Amino acid sequence: MRNLPRRAGVDVIHRLRTSVRRLEAQLEMPHAAAEDGLFRCPPRVARALRTLRKKAGRVRDIDVHLALLSDPQFSSPSARRLRAPLLRHLRASRAVHLRALRQRALKVRPRLERKLPELLRRAEFTEDPATAARLSAQVRQRFLELSRNIPEDAALLHRLRIDAKHLRYGLEPHGRFESAEPLLAHLRKVQQAIGDWHDWATLHELARRILTQPGAGEFLAQLQQRTAREFTRARRSVHKARLRMLNMDDAGSVPPLQAMQQTLTKAG
């Protein structure tokens, strides 16, 4: 956040958004330090992190769309001519959202600098193979429940990505253990594949709104076809992850840990 006023390139925004997500995951994780066995992040800190992540996410989404428009499939003269207004729109939108992000970061930084060190100290937990195995079993079971019917609906597929992301971030602190490592790999692949489709889908929707000039039909058709291919690939990724998790050793008999329920239930 300190570097944001003078450095706001693609990598900086991506690292900020990812770092905030991981902080949220760690502070959402229940811990045994609290009296009832649950650690709760103060609402104002949670709200500060959430709004910071969302504003960084708007800038990040634009950066992704700008990168997609550099795809070789848009290298023809006609495609370059049609993508020009899209690029202008995206760059102007990035400037607006970056300004909002900087203002928000300036506002929440004092609170986060004051509160986060102590909160993260209190939120620390002891890593051990037994806890990792129990949580891995629950994450595996929850993903299998969520993916029982692989969505053909776009909104439901996007929801599955969000749910898989919550499960992944909840399990990531235990990623060095053998029980968690393969699950994390499967969740990352699912998240990436659905994310790729969603990026193309939102770019296609934006192009439909922005491009009204004659001759835009072919360009929009290219976007629609690419979106459809990515949708198929995303559903295939979910199917593969599900099959591989089904083939893992059965962990369904592992009883749930009270200290992990908050994270797991965030996925629905």
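Bear in mind that the values in this text are calculations on the coordinates, not laboratory data. In this text, all values refer to a predicted model and were calculated from it rather than measured experimentally. Neighbour counts run over all protein chains shown; Cβ positions are idealised from the backbone, glycine included.
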**OP:** Give the cross-link partners of Lys54 among the lysines, using a straight C-alpha distance below 27 Å as the criterion and excluding same-chain residues fewer than 8 apart.
**Re:** Lys107, Lys115, Lys165, Lys189, Lys266
Subject >> Unit charges on C-beta of K, R, D, E only; dipole of the range 126-268, Debye >> reply: 280
Original post:
Listing Lys240, Lys55 from the residue with the fewest other Cβ atoms within 10 Å to the one with the most, what is the order?
Top reply: Lys240, Lys55
Original post:
In Å and whole numbers, how far do the C-alpha atoms of the range 1-117 stretch along each principal axis, longest first?
Top reply: 66, 26, 18
**OP:** Would you indicate which of [x] 67, 53, 36; [y] 47, 43, 41; [z] 64, 48, 25 is the value of Cα extents along the principal axes in Å derived from the coordinates of this structure?
**Re:** [z]
**OP:** Sort the following peptides by mean Cβ neighbour count (other Cβ atoms within 10 Å, averaged over residues), highest first: 170-182, 85-97.
**Re:** 170-182, 85-97
Original post:
What base-10 log of the normalised intensity I(q)/I(0) is obtained for the range 126-268 from the Debye formula, alpha carbons as equal point scatterers, at q = 0.10, 0.14, 0.20 Å⁻¹?
Top reply: -0.40, -0.67, -1.11
Original post:
When Thr131, Thr202 are ordered from fewest to most other Cβ atoms inside 10 Å of their Cβ, what list results?
Top reply: Thr202, Thr131
Subject >> Separation in nanometres of the label points that stand 7 Å from Cα toward Cβ, at Ser70 and Leu120 >> reply: 3.1
Original post:
Which aspartates and glutamates have a Cα less than 19 Å from the Cα of Lys240, not counting those fewer than 8 places away in the same chain?
Top reply: Glu145, Glu152, Asp153, Asp163, Glu181, Asp196, Glu230, Asp249, Asp250
**OP:** Report, in degrees rounded to the nearest 10, the 0 to 90 angle that the Cα long axis of helix 43-68 makes with the longest principal axis of the chain.
**Re:** 40
Original post:
What is the magnitude of the charge dipole of the chain about its Cα centre, with +1 placed on the Cβ of each Lys and Arg, -1 on the Cβ of each Asp and Glu, and no other charges, expressed in debye to the nearest 20?
Top reply: 1560
Subject >> Choice from Asp163, Asp128, Asp196 with maximal GNM fluctuation in the chain (Cα, 10 Å cutoff) >> reply: Asp128
